[in-house]
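Comments concern the structure below.
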Amino acid sequence: MTTGVRGAGPDQGAYEYGAPIWSAGCDLPGCESRVRNDGWKATFSGGGDASAAVDGVQTTQWRPDAAQAAGQSLTLDLGAAKTFSRLAIDAGLDATGHPYGFTVSVSRDGRDWGSPVARVAGRSFTQDAVFAQRTARYVRIELTAAGDVPWAVNEIRLYADGPDAAATLQAERAQVVRGGERGDAATGVLGSGGLIGFRQVSFGADAPGRLTVRMASAGCGGGCVLRLRLDGPEGRVAATLPVPDTGGADQWRERSVRLARAVTGTHDVYLVASGARKVAAVDWLTVRD
Ligand SMILES: [Ca+2]
């Protein structure tokens, strides 16, 4: 890895000295938009412990005793309303337990389900159901065909059209960067009115989370802030984060502040700099508990 070198060549070690630190995990668009599993529960219509289907571990598998039959269902409780537009069933390396067909339904209260949002037939290693984006707390997957062997699920995942607010939103990957250089791994120093923006960010928590920003700043004199604004650069302020003097535009620090109140649903998100000609460079931001 020899991109983003500072000086004559790469420094020895895991990352480039003085550069923003890397974040572990996949940074492809499809990974960023994965809905965070923060303690989902799964219930099988035939009873038994179905927790392995949503325990966040790809190698643990749920597999009931009975062979597949139409009407068997797994119901997920996401704990709070989440926004998503794609469901993927991962059966790992087990090629025998894929369902022959299923429907996906969603519900806000776990009682009123309406018509299925997706119908899927045919078998593949990962079975995706794609539908118009929904916000719901409960998801039901119901088989529509019989099979010789039991259904098997290693992990169920949900994805949204945009990133989850709890993901690490890398500033250099923002859809909008204004009033500062985009940069390879972080923005340059944003001036007052400068901003970065992310489209269609999913919020789902019932309680206010914390905005955390990794930033670098010098010479602001205590009067600078970064504001988290919703739905537009001039939109409602969800949080105001004072910018500290970190000792230089290459001295990175994390700072966080609690949101004024809970934000739910999907919003375009803007981090807007204010207070001085040079406010702060931004590495990443996130909203989580
Ligand atoms: Ca699992």
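The values are calculated or read from the model by the stated rules, or taken from the named source; none is laboratory data. Owing to the predicted nature of the structure, the values given are computational and were not obtained by experimental measurement. We place every Cβ from the backbone using ideal geometry, glycine too, and count neighbours over all the protein chains shown. Note: areas computed on protein heavy atoms with side chains; ligands, DNA, RNA excluded. Shrake-Rupley method; radii C 1.70, N 1.55, O 1.52, S 1.80 Å.
Does Asp231 satisfy the condition of being in contact with an Asp or Glu (Cβ under 8 Å, 6 or more places away or on another chain), in contact (Cβ under 8 Å) with a residue 24 or more places away in the chain and surrounded by fewer than 15 Cβ atoms within 10 Å (Cβ to Cβ)?
Yes: the conditions hold for Asp231.
So which residues in segment 57-78 are of a type in the set (Ser, Thr, Tyr) and within 16 Å of the ligand (Cβ to nearest atom), if there are any at all?
Within segment 57-78, Thr59, Thr60 meet the criteria.
Results for (1) closer than 26 Å to Leu78 by Cα; (2) in contact with a Lys or Arg (Cβ under 6 Å, 6 or more places away or on another chain); (3) assigned to a loop (DSSP other than H, G, I, E, B), shown as yes or no for each residue.
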site: Ala166; (1), (2), (3): yes, yes, yes
site: Val177; (1), (2), (3): no, no, no
site: Gly197; (1), (2), (3): no, no, no
site: Gln200; (1), (2), (3): yes, no, no
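Name the residue that is farthest from the ligand (Cβ to nearest atom), counting only residues in segment 5-24 that are at pLDDT 65 or above and exposed (fewer than 15 other Cβ atoms within 10 Å of the Cβ).
Out of the qualifying residues, it is Ala8.
Quick one: Thr168 ticks every box in (1) touching a helix residue (DSSP H, G or I) at 6+ places or on another chain (Cβ under 9 Å); (2) open to solvent by less than 40 Å² (accessible area, probe 1.4 Å) bar one, so which box is it?
Single failed check for Thr168: (2).
Is it true that some residue in segment 148-167 is farther than 30 Å from Ala91 by Cβ and more than 24 Å from the chain's Cα centre (by Cα)?
Checked against the condition, which is being farther than 30 Å from Ala91 by Cβ and more than 24 Å from the chain's Cα centre (by Cα), segment 148-167 yields no hits at all.
Just for strands (runs of 3 or more DSSP E) wholly inside segment 25-130: which have at least 3 residues that are out of contact with any Gly (no Cβ under 9 Å at 6 or more places or on another chain) and either surrounded by 15 or more Cβ atoms within 10 Å (Cβ to Cβ) or touching a residue at least 40 places away in the same chain (Cβ under 8 Å) (or both)?
41-44, 73-90, 101-107
Looking for something open to solvent by 50 Å² or more (accessible area, probe 1.4 Å), more than 20 Å from Thr83 (Cα to Cα), at pLDDT 95 or above and away from the ligand (no atom under 16 Å from the Cβ) - is there at least one such residue anywhere in segment 148-161?
No, segment 148-161 contains no residue that is open to solvent by 50 Å² or more (accessible area, probe 1.4 Å), more than 20 Å from Thr83 (Cα to Cα), at pLDDT 95 or above and away from the ligand (no atom under 16 Å from the Cβ).
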